[in-house]
Amino acid sequence: MAAIEIRLPVARKLVVQSLAQGSDKHLVAPGDTITTDTGYMRGHGTYMGDEKLVASVAGAVERVNKLICVKALKTRYNGEVGDIVVGRVTEVQQKRWKVETNARLDSVLLLSSMNLPGGELRRRSAEDELAMRDYLQEGDLISAEVQAVFSDGAVSLHTRSLKYGKLGQGVLVQVSPSLVKRQKTHFHDLPCGASVILGNNGFIWIYPTPEQKDEEAGGFVTNLEPVSLHDREVISRLRNCILALVAQKLMLYDTSIVYCYEASLPHQIKDVLKPEVMQEIVLETRQRLLELEG
């Protein structure tokens, strides 16, 4: 006989009143009037109609001085210079790689925009061009920084810093880019023993924290040693916690992930994705974040 799991309904916990007030945002749907004041400038996600500013996407209204834009709740990645992204190489072309970064168009990583293995600085030769597939090939995951955004919205990447480059062993989680909070740094070594790269494009990379930072390889030598059971459990729990935060529409950054991880410790890893457990740990995370802010 196969084991059958039965879950009984439980009463929902009430959210703290101050928490509900603190998360209040001006949400609009396509066609909603944002303002009739003609003194405002039109930003992304808006258009002018009948002398009033109207939303063209569903999302939260953001005002910067006289500029009004609507940040979509669920959207493709729109690149900005300086963003940290995680992407997957889809094609090797002449002097460049095509990279999937959750944007409307494939991003481009030029051969001249990357450090050669060993951090060597010199002009790229024909031999380097022939050896491109030795550095990166189809299916490889990389971390990079946005160098430029073209007029059609395509993104040009670079990996000139030794902290960027090819990613080794870990887990990739894909979320909506609107849920990743912009911060000064997106590389975090968490106290639980794992590290995360929170890509602005919604690709999140979870991997075991390296014991020593090897910066001589230039980011192209991957560590393929076996990962310990403890590290795999930590990575699995972190992945489930991130999925729980995404399901409850909570912003992703290092503090929220650590709080959610600590709230999930009384539960088994596989139970974190159960709806009632997910709601319980995310509610505790929300309240801890509110206490931290207040």
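Read the figures in this text as sums done on the coordinates, not as results from a lab. Bear in mind the structure is a predicted one, so any value in this text is a computation, not a measurement. When we count neighbours, we look across all protein chains shown, and the Cβ atoms used for this are built from the backbone with ideal geometry, even at glycine.
For the ranges 249-258, 284-293, what's the packing order if you count other beta-carbon atoms within 10 Å of each residue, average per peptide, and put the highest first?
In descending order of packing, they fall as 249-258, 284-293.
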Inset, instruction - Give the long-range amide H neighbours of Ala103: residues separated by 5 or more places, or on another chain, with amide H under 5 Å away, using H modelled in the peptide plane at 1.01 Å from N. - result: Tyr77
Legend entry - From the coordinates shown, mean projected area of the Cα convex hull in nm² corresponds to which of (1) 20.9; (2) 18.6; (3) 17.5: (1)
Legend entry - Simple Cβ-charge dipole of the chain, Lys/Arg +1 and Asp/Glu -1, about Cα centre, in debye nearest 20: 640 debye
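Against the empirical 2.2 N^0.38 Å scaling, what ratio does the C-alpha Rg of region 26-72 come to?
Details: Rg = 9.1 Å, N = 47, 2.2 N^0.38 = 9.5 Å.
The value comes to 0.96.
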Inset, instruction - Apply the membrane-span-like helix rule to the chain: whole DSSP H runs, Cα extent along the own long axis of at least 18 Å, mean Kyte-Doolittle hydropathy at least 0.0. List the helices found. - result: 229-247
Inset, instruction - Go ahead and set up a Gaussian network model of the chain, Cα springs under 10 Å, then flag whichever of Arg124, Arg160, Arg182 fluctuates most. - result: Arg124
Legend entry - Helix-only mean residue ellipticity at 222 nm for the chain, each DSSP H run of n ≥ 4 adding -39500 (n - 2.57), per residue, nearest 500: -6500 deg cm²/dmol
Legend entry - Whichever aspartates and glutamates have a C-alpha closer than 17 Å to that of Lys270, once near sequence neighbours (fewer than 8 apart) are set aside: Glu5, Asp231, Glu233, Glu262, Glu280
Inset, instruction - Whole Å is fine, so just give me how far the alpha carbon centre of region 217-292 lies from that of region 165-183. - result: 13 Å
